[in-house]
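The values are calculated or read from the model by the stated rules, or taken from the named source; none is laboratory data. Predicted model only: the values in this text are computed from it and were never measured. We place every Cβ from the backbone using ideal geometry, glycine too, and count neighbours over all the protein chains shown. Ligands, DNA and RNA are stripped out before the accessible areas are found, and what is left, the full protein with its side chains, is counted by its heavy atoms. Shrake-Rupley method; radii C 1.70, N 1.55, O 1.52, S 1.80 Å.
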Amino acid sequence: MVGGRLEVEGLTKRFGGFTALNGVSLDVKSGERFGLIGPNGSGKTTLINCVSGALSTDGGRIRFEGRDITAIPAHQRTRLGVVRSFQIPKPFISMTVLENLVIPLEYAAGARAERADCAAEAMDILRTIGLESKAHTRPAGLTQIEMRKLELARAMAAKPKLLISDEAMAGLSSGEVDDILTILFRLNERGITIIMIEHIMRAVMRFSERIIVLDAGEPIAEGTPNEIVRNSAVEKAYLGE
Amino acid sequence: MVRTGGGLLVSLAVIVGGILLASLRVNLYFYFAGYVVLQYVVVATAWNILGGYAGYVNFGTSAFFALGAYTAIFLIEAFRAPLPVLILAGGLVSGLLGLGIGYLTLRLKGVFFSIATLALSVVLQTLIMNWDYVGGAKGVTVIRPGSPLFGNWVRLLFTVMVGLAVAAVTVAWIIERSWVGRGLRALRDSEEAAECMGVPTLRLKLFATTISGFLLGVAGAPFPYYVTYVEPSSAFNLDYAVNALAMPMIGGTTTWIGPVIGAVLLGTAQQVATVTISSELNLLIVGVVLVAFVVLAPEGIVGLVRRPRGR
Ligand SMILES: Nc1ncnc2c1ncn2[C@@H]1O[C@H](COP(=O)(O)OP(=O)(O)O)[C@@H](O)[C@H]1O
Ligand SMILES: [Mg+2]
């Protein structure tokens, strides 16, 4: 029953004369835990922006569950099940934490259900993620870890088949990193395909079944965590010559 | 459902009250001034659907209002069209312009969108000034048809404006409580996040700009019969653009009642000032009050009432 397969083929993205992505291809299988790493500015967020539809592409194809989604608007991709979280959290600041989740429940998770049902379901999600005590506060009153959790909770509320988490752990303590990891593992057990973008090596290595490494907009290595650790090109990209 | 029924009753009560007021034979000046205040209820409510709910600040309110007025003038000159037709047509034409600026939001956000709407207003005024059929730069005199309802045009127009104000507020009330309103609020907070959470942001923005434009046109359509002499500088008056923005900001932009409060307070104050001091003072009053609110009570009167002790 698991879906969520993502195929990216020859994806190119330019900003003016600068090529941020140069023919990137990847194939994320249904139910897989996939890691995407690379130095700062290597194009990871840009790749996610293209996949989620926030940016248009300058070449290449994106297929989700066999369907070409290269040209459809972002909100429709979300409804199909491609959901991303933001590296810099973008909560709906005028709403409570609970209301933040009602938006995707209402708009993305299909049938505009009765509001009461949405609220109950939002509360369930907050409970799973350990944010239920903050349900009725505004995002401005959240700590950094809570903000990251809200970002994930809101993505969960959109009922993803493929969840793309963009540096959900940056700036967190190691205990908090484990918290988020546990949540992502649990989501994956439920059949959700996950792409994790992360700088914290310990986390990506532990989480991912397969990893791709981007450098200056091009994939330079792909393999299991063990293969990646031993790859000299990766070492060079990260540590310089 | 109970609340909807209650809202319906209130609306009806206001309209009936308006008709009763119109049949009371108090000083005509009362209706004359009341019309302006009610017109601002429509204008402020319409502006707020886009500016307050969706967060797109329209500086070109005058253009939409004037387009409603000039559509009416055209239809009066060409066909002697009856008032209900004028109102509907004025709304539709301005709604179409609203749809147009909706597409601008694809490229222009924040202050750039606002500047574009201001520019639009200037362009439209220039076009009208050069269109002689509707009076061009020197303006046009509109002759009211004889024997209107309530025996007097001012009383009739006052009653019509009561109905339009109720209609506009009802529309805002419905939007606010619907999934559309929640979607607009999401995109006001973060358009990117809203889109990524499944909100069809473009469609909602087009809806907001169109409805807002429609209601602004509706507010402007009876204007020719109200003043009987229309020139571009009166229909495109800066007052509309400034008040449309100031009234919701003073009342509070997040709920339907905010623009109503702002329009009634500021509109009445301006009417009083016009009589007692001078009409030149109007914009000054608005400016001072607006600055005071932006600094001291950014959430408007509604915000003050909700959180009496501040934060
Ligand atoms: N909207 C944009 N306009 C211009 N350049 C951009 C834009 N977004 C990203 N870039 C550039 O593209 C490159 C890749 O950025 P990004 O995808 O954010 O990297 P990463 O997420 O891997 O750190 C960087 O050089 C960045 O400056
Ligand atoms: Mg990034």
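Once you have a ≥ b ≥ c as the square roots of the Cα gyration tensor eigenvalues for the range B:2-238, tell me rounded if a/c is under 1.5, and otherwise prolate or oblate according to whether a/b is larger than b/c. Cα axes put the range B:2-238 in the oblate bin.
Checking the Cα-Cα distances for A:134/A:159; A:134/A:161; A:13/A:161; A:13/B:109; A:13/A:134 against a 28 Å cut-off, the pairs over it are A:13/A:134. Take each peptide in B:36-49, A:42-55, A:121-134, B:109-122, count the other Cβ atoms within 10 Å of every residue, and average; sorted highest first, the result is B:36-49, A:42-55, A:121-134, B:109-122. Accessible area per residue for chain B, computed on protein heavy atoms with a 1.4 Å probe, is 44 Å². With a 1.4 Å probe rolled over the protein heavy atoms of all chains, the accessible area of A:136, A:199, A:75 falls in the order A:136, A:199, A:75, largest first.
Using heavy atoms of the protein chains and a probe of 1.4 Å, the accessible area assigned to residue A:178 is about 50 Å².
Across peptide B:198-204, the average count of Cβ atoms from other chains found within 10 Å of a residue's Cβ is 6.
Centroid-to-centroid, using Cα positions, the range A:1-32 and the range B:207-282 are 51 Å apart. Per-residue accessible area (protein heavy atoms, 1.4 Å probe) orders A:159, B:205 as A:159, B:205, starting from the largest. As a length-normalised measure over Cα pairs under 8 Å and 6 or more apart, the relative contact order of chain A settles at 27 percent. Ordering of A:149-156, A:201-208 by packing is A:149-156, A:201-208, highest average first (other Cβ atoms within 10 Å, averaged per residue). The candidates B:177, A:84, arranged from most to least accessible area with a 1.4 Å probe in the full protein assembly, appear as B:177, A:84. A helix-only calculation puts the protein assembly as shown at -19000 deg cm²/dmol for mean residue ellipticity at 222 nm, using -39500 (n - 2.57) for each DSSP H run of at least four residues, averaged over all residues. Legend: mean number of C-beta atoms from other chains within 10 angstrom of residue C-beta atoms, peptide A:73-86, equals 4.
For residue A:57, the solvent-accessible surface computed with a 1.4 Å probe is close to 40 Å², ligands and nucleic acids excluded.
Annotation: residue A:7 carries an accessible surface of approximately 40 Å², with a 1.4 Å probe and no ligand, DNA or RNA atoms counted. Scanning chain A for helices, which whole DSSP H stretches are 15 Å or more long along the axis (Cα) and average 0.0 or more by Kyte-Doolittle? The answer, listed by residue number, is A:97-107, A:115-129, A:174-189. How large, in percent, is the carbon and sulfur part of the accessible surface of the range B:1-94 at a probe radius of 1.4 Å? In the range B:1-94, the share of accessible area belonging to carbon and sulfur is 81 percent. The length gained by stretching the chain between residue A:12 and residue A:202 to full extension, at 0.36 nm per residue less their Cα-Cα distance, is 65.4 nm. Between A and B, buried accessible area from a 1.4 angstrom probe totals roughly 2000 Å², ignoring ligands, DNA and RNA.
Taking every residue in A:91-97 and counting other chain Cβ atoms within 10 Å of its Cβ, the average works out to 4.
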